[in-house]
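Quick note: the coordinates plus some simple rules give every number you see, no bench work behind them. Here the structure is a predicted model, which means the values were calculated and not measured. FYI the Cβ positions are ideal-geometry reconstructions off the backbone, even for glycines, and counts take in every protein chain you see.
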Amino acid sequence: MSDLKQLEFLLESNKISRREFITRVSALGLTAVASPFLLSGLGHAATPQKGGRLKMGLLGGSTTDSLDPAALTDTVQLNINWQTRNALVEVDANGQPVPELAESWEATPDAAQWTFNLRRGVEFHNGKTMDAEDVLFSLNHHRGEKSKSGGKTLLKQIKEIKKTDKNTVVITLDGGNADFPFILSDYHFPIVPNGTTDFEDGMGTGGYIISKNKPGVRIITKKNPNYWKSGRAHFDEIETLCISDANARSTALATGKVDVINRCDLKTVHLLEKSPKIQIIRTTGTMHYTFAMMTDVAPFNNRDFRLALKYAIDREEMVKKVLSGYGAVGNDHPITPSMQFFDKSQHQRAYDIDKAKFHLEKSGLKNESVKLHVAEAAFNGAVDAGILYKEQAKKAGINIDVVREPDDGYWKAVWMKKPFCAVYWSGRPTVDWMYSLTYESTTKWNDTHWKNNRFDTLLLEARSELDTAKRAAMYAEMQRLVSDDCGQIIPMFADHVMGASKKIAFDKVSGVRELDDARNAERWWFS
Amino acid sequence: MNKILNMVLKRLGLGLLTLVIVSMLIFIGVEALPGDITEAILGQQATEETVAAFRKELNLDLPAHVRYSQWLYGIVQGDFGMSLANKQPIGEMIGWRLSNTLFLAVTAACICVPLSLILGILSALYRNTPFDRIVSMTSLSAISFPEFFVAYILIALLSVQFNIFPSMVTLDEDMSFFQKIYEVFLPCLTLSIVVMAHMMRMTRAAIINVLSSPYIEMALLKGIDRRRIIVEHAFPNSLSPVINVIVLNLAYLIVGVVVVEVVFVYPGLGQLMVDSVAKRDLPVVQSCGIIFATTYIFLNLTADILSRISNPRLLYSN
């Protein structure tokens with residue numbers, strides 16, 4: 001395999017051509033498909049070109065946006081964050097953690113203590129050299145009683161952070177966590193200079209430097225001439241425009257005013273696709289839409305009633321009508337096929353009226369009628385999805401009343417308050433992260449109030465298990481538990497659908513978040 | 001003249017009172033909405049702890065009346081305060097957007113006010129001719145369409161089809177005046193089309209109304225040219241209602257253009273206010289509300305003064 005690795009390196013650094021690569025790989029007795037490098041580059045220019053001014057028109061920016069890492073939530077903030085800053089760890093397009101500002105890391109065998117060796121000689125935009133003090137400051141910004149950071153709960157597991165020298169940071173956890181490097185790749189944890197109080201200038205070690213920042217209108221960044229990462233940050237300048245109106249985004253792309261847009265209107269995207277100058281990029285990520293039932297509230301505390309509801313939803317039709325086909329069916333658990341530890345052997349639940357009727361009969365709740373609370377804020381098309389579900393369930397004899405709630409204040413007044421409501425989850429890169437976010441019985445966001453002792457035990461055991469096979473078995477069992485017992489109905493995973501000018505080129509696009517995990521600014525280029 | 005001064009002073013006093021009441025209403029309204037800024041900003045990530053820490057930092061743990069009086073105290077001294085969401089001074093945030101909003105409003109007014117006055121006078125002059133009918137029908141159809149529809153039609157034609165004007169507006173301090181005019185052309189045209197009908201119809205109706213008075217008949221009998229009658233005798237006497245309509249439309253151009261701002265991605269005050277309501281950024285909402293209310297009060301006052309000056313009967317009556 002080392003020969004293949006070397007060839008890949010040659011191809012990647014443009015020492016050999018694609019054709020030569022294929023010939024030489026075949027000579028090794030391997031098929032070219034064995035190499036992810038060739039696959040990822042298919043259909044796109046392999047050589048990143050330097051230069052150009054990238055213009056993006058994005059939904060998800062607002063005049064109230066702040067660049068404080070503790071307050072990041074929406075698309076534009078995330079994108080600017082990764083334009084201007086780096087974290088210790090980056091998750092690549094294949095979902096693997098790779099070194100960023102940490103050059104390497106190792107864990108103790110129980111995965112409870114992690115040592116991160118920092119990259120040397122990396123400079124912030126202001127010329128200061130990044131060291132362990134900055135890392136300590138950046139992580140502690142989210143810890144402690146006073147912190148109001150959205151990343152606070154993620155770092156709760158940390159018992160102590162200390163530096164052993166200028167370039168080494170040791171993090172001790174409460175218990176083992178084999179996935180800890182993933183946590184540090186989260187957008188809340190970029191490294192900023194020690195002692196920063198005003199974060200709005202976007203000071204960081206990233207590939208671009210903010211030159212103009214009008215939150216909710218437009219942000220202009222210029223290339224950092226001193227950027228430490230090679231083969232990244234190809235554009236000279238990036239203009240990020242905040243465009244909330246779907247039609248204005250499509251028009252801006254169609255007229256060439258911008259090169260990239262996010263969240264295409266699913267109802268009209270096929271028209272956009274017809275243009276010879278435009279390419280549609282879709283990635284099946286971890287984003288899923290759910291109907292959450294509170295398992296401690298009647299009638300949802302009845303397992304058979306929950307199963308009846310799960311069998312009474314036509315997932316195929318949901319994907320076709322609500323997502324216009326831009327998505328995949330879900331199996332009532334939040335793990336996607338692209339994630340490590342996804343268990344393929346589990347049977348896909350189908351729309352089965354007989355089974356739904358059987359479980360309804362068994363539950364003894366035949367004449368029960370339930371209220372499903374929905375709003376467009378829950379997810380795009382949630383109201384349509386609710387009405388569609390009502391019709392589908394009616395065939396199995398289940399009565400669902402769809403209650404339309406106002407968008408404004410939905411997360412405060414409806415979610416976690418009403419026993420049956422629509423929710424979206426953007427998903428997380430690892431199984432453990434997703435489960436501990438919203439399925440563990442003690443977590444704040446356990447929106448189904450599901451409590452399963454076996455699940456909780458397995459979650460803890462699997463977290464510190466470094467043996468992949470054992471871990472996979474545990475996660476497979478947990479996947480079944482969630483699917484069969486939990487109060488979450490997960491009918492579909494939604495694609496991220498983005499539009500770009502054909503001049504834009506890229507390698508494999510990550511699906512964790514939209515726009516290549518919000519890092520398209522440094523990963524994409526003009527061909 | 002004393003009478004006018006008297007009226008202005010009285011109106012200003014009342015206006016001030018209105019402003020205080022408006023600010024109280026906005027405050028109560030935003031307070032009554034479910035959730036506050038901490039939850040809106042933290043979103044799904046809001047845990048009790050983080051929310052509590054955030055609230056304390058923003059002084060949101062103080063009772064409502066204390067926060068309101070603090071804000072009022074600041075505004076009396078000309079201090080709009082800081083945005084709760086990103087801690088930028090509100091004065092700066094609003095200043096730039098207000099100038100954008102005013103720029104769009106003034107440009108639109110410069111196009112539509114003269115045009116609708118001229119069309120109104122011409123329609124009155126050529127009453128019931130095909131010209132009058134066409135002008136009436138066109139303007140009435142234009143006003144009957146929702147403004148976003150007019151905007152999309154203009155974009156589809158002038159931006160997508162022929163690519164003459166940009167479909168969205170990018171404004172920059174470094175742009176020259178003519179570049180700016182070019183950028184705002186489509187939103188400006190949309191607004192003009194939408195507000196023109198009001199003013200034009202009112203001009204026409206007011207002139208026609210005056211045309212039936214005895215002194216016009218007298219003028220006719222004296223053999224004065226019809227055009228001269230309308231421009232010199234009828235129009236000045238019908239100014240009062242026309243001014244009122246024009247000023248109301250000007251106020252609309254400043255405070256009622258949120259939809260047009262969204263469609264053309266225009267960085268104006270309306271968008272700022274909508275964003276801030278969604279995030280429960282109370283000080284910003286308050287400041288925008290005060291600016292909008294002031295605009296209305298000021299323009300109404302202007303309308304009253306102008307219509308009194310233009311109408312001697314009102315000026316000298318008791």
> Can you give the average number of partner chain beta-carbon atoms within 10 Å of each beta-carbon in peptide B:146-156, as a whole number?
Replying inline: 1
> Given the options B:LYS222, B:LYS56, B:LYS180, which has the most mean-square fluctuation in a GNM of chain B, springs set between C-alpha atoms less than 10 angstrom apart?
Replying inline: B:LYS222
>> Taking each pair of distinct Cα atoms in the range A:288-494 once, what is the resulting Kirkwood hydrodynamic radius in Å?
In response: 17.1
> How high is the relative contact order of chain A, in percent, with contacts defined as C-alpha pairs under 8 Å that are six or more residues apart?
Replying inline: 21
>> With angles folded into 0 to 90 degrees, how steeply does helix B:269-279 sit against the dominant principal axis of chain B? Use alpha carbons for both and round to 10.
In response: 30
> Please state the equivalent ellipsoid semi-axes for the range B:129-172: what are the square roots of 5 times the Cα gyration tensor eigenvalues, largest first, in whole Å?
Replying inline: 28, 12, 10
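Calculate, in nm to one decimal, what A:LYS320 and A:SER230 gain on full extension: separation in residues at 0.36 nm each, minus their alpha carbon distance.
28.2 nm
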> If you put +1 on each Lys and Arg Cβ and -1 on each Asp and Glu Cβ, how big is the dipole of chain B around its Cα centre, in Debye rounded to 20?
Replying inline: 1640
> Among B:LEU253, B:LEU119, B:LEU171, which one shows the biggest mean-square fluctuation in a GNM of chain B, springs joining Cα atoms closer than 10 Å?
Replying inline: B:LEU171
>> Using only the alpha carbons of chain B, what is the convex hull's orientation-averaged projected area in square nanometres?
In response: 21.7
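Only four residue types carry charge here, +1 at the Cβ of Lys and Arg and -1 at the Cβ of Asp and Glu. Report the dipole size of the protein assembly as shown about the Cα centre in Debye, rounded to the nearest 20.
Working: 90 positive and 89 negative charges, 471 e Å.
Value, rounded to 20: 2260 debye.
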> Which listed residue (A:ALA112, A:LEU139, A:VAL91) has the Cα farthest towards the positive end of the charge dipole for the range A:65-214, taking +1 on Lys and Arg C-beta and -1 on Asp and Glu C-beta about the Cα centre?
Replying inline: A:LEU139
> By its C-alpha gyration tensor, with a ≥ b ≥ c as the square roots of the eigenvalues, how is the range A:86-200 shaped: rounded for a/c under 1.5, else prolate for a/b larger than b/c, else oblate?
Replying inline: rounded
> Once the dipole of chain B is set up with Lys and Arg at +1 and Asp and Glu at -1 on Cβ about the Cα centre, which of B:ILE230, B:VAL247, B:ALA142 lies farthest towards its positive end?
Replying inline: B:ILE230
> Mind checking the angle between helix A:382-394 and chain A's longest principal axis? C-alpha axes, 0 to 90 degrees, to the nearest 10.
Replying inline: 30
>> Sequence gap at least 6, Cα distance under 8 Å: using those rules, report the relative contact order of the range B:49-167 to the nearest whole percent.
In response: 7
> Do you know the relative contact order of chain B, to the nearest whole percent, from alpha carbon pairs under 8 angstrom that are 6+ apart?
Replying inline: 27
>> Is the C-alpha gyration tensor of the range A:218-361 telling us rounded, prolate or oblate? Criteria: a/c under 1.5 is rounded; beyond that, a/b larger than b/c is prolate, otherwise oblate.
In response: prolate
> Most exposed first by the Cβ proxy, i.e. fewest other Cβ within 10 Å, how do A:PHE235, A:PHE379 rank?
Replying inline: A:PHE379, A:PHE235
> Under the rule of -39500 (n - 2.57) per DSSP H run of 4 or more residues, summed and divided by the residues of the protein assembly as shown, what mean residue ellipticity at 222 nm is obtained, to the nearest 500 deg cm²/dmol?
Replying inline: -14000 deg cm²/dmol
> Alpha carbon centre of the range B:190-269 versus the range A:233-295: separation in Å?
Replying inline: 44
> Could you give the angle, 0 to 90 degrees to the nearest 10, between helix A:468-485's Cα long axis and the longest principal axis of the Cα atoms of chain A?
Replying inline: 40
> Quick one: Cα centre-to-centre distance for the range A:453-527 and the range A:155-226, in angstrom?
Replying inline: 22
> Quick one: if you take sqrt(5λ) for each eigenvalue of the C-alpha gyration tensor of chain A, what semi-axes come out, biggest first, whole angstrom?
Replying inline: 38, 28, 25
> Looking at A:SER230, A:PHE199, A:ASN302, which one has the Cα that reaches farthest to the positive end of the dipole of chain A (charges on Cβ: Lys, Arg +1; Asp, Glu -1)?
Replying inline: A:SER230
>> If R₀ is 41 angstrom, what is the calculated FRET efficiency for the pair A:ASP354 and A:THR443, using the beta carbon separation as r and rounding to 0.05?
In response: 0.70
> Fewest to most neighbouring Cβ within 10 Å: what's the order for B:THR170, A:THR283?
Replying inline: B:THR170, A:THR283
>> Connecting C-alpha atoms closer than 10 Å in a GNM of chain B, tell me which of B:VAL255, B:VAL30, B:VAL284 has the biggest fluctuation.
In response: B:VAL30
> Residues with amide H under 5 Å of A:LEU118's amide H, sequence separation 5 or more or different chain, H placed in the peptide plane at 1.01 Å from N; which?
Replying inline: A:GLU103, A:THR168, A:VAL169
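With the Cα gyration tensor of the range A:169-297 in hand, convert its eigenvalues to equivalent ellipsoid semi-axes via √(5λ) and list them largest first in whole Å.
Each semi-axis is √(5λ); the values are 32, 27, 16 Å.
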> Taking amide H positions as placed 1.01 Å from N in the peptide plane, with prolines and chain starts having none, which residues 5 or more places from A:LEU372, or on another chain, fall under 5 Å of its amide H?
Replying inline: A:ASP401, A:VAL402, A:VAL403
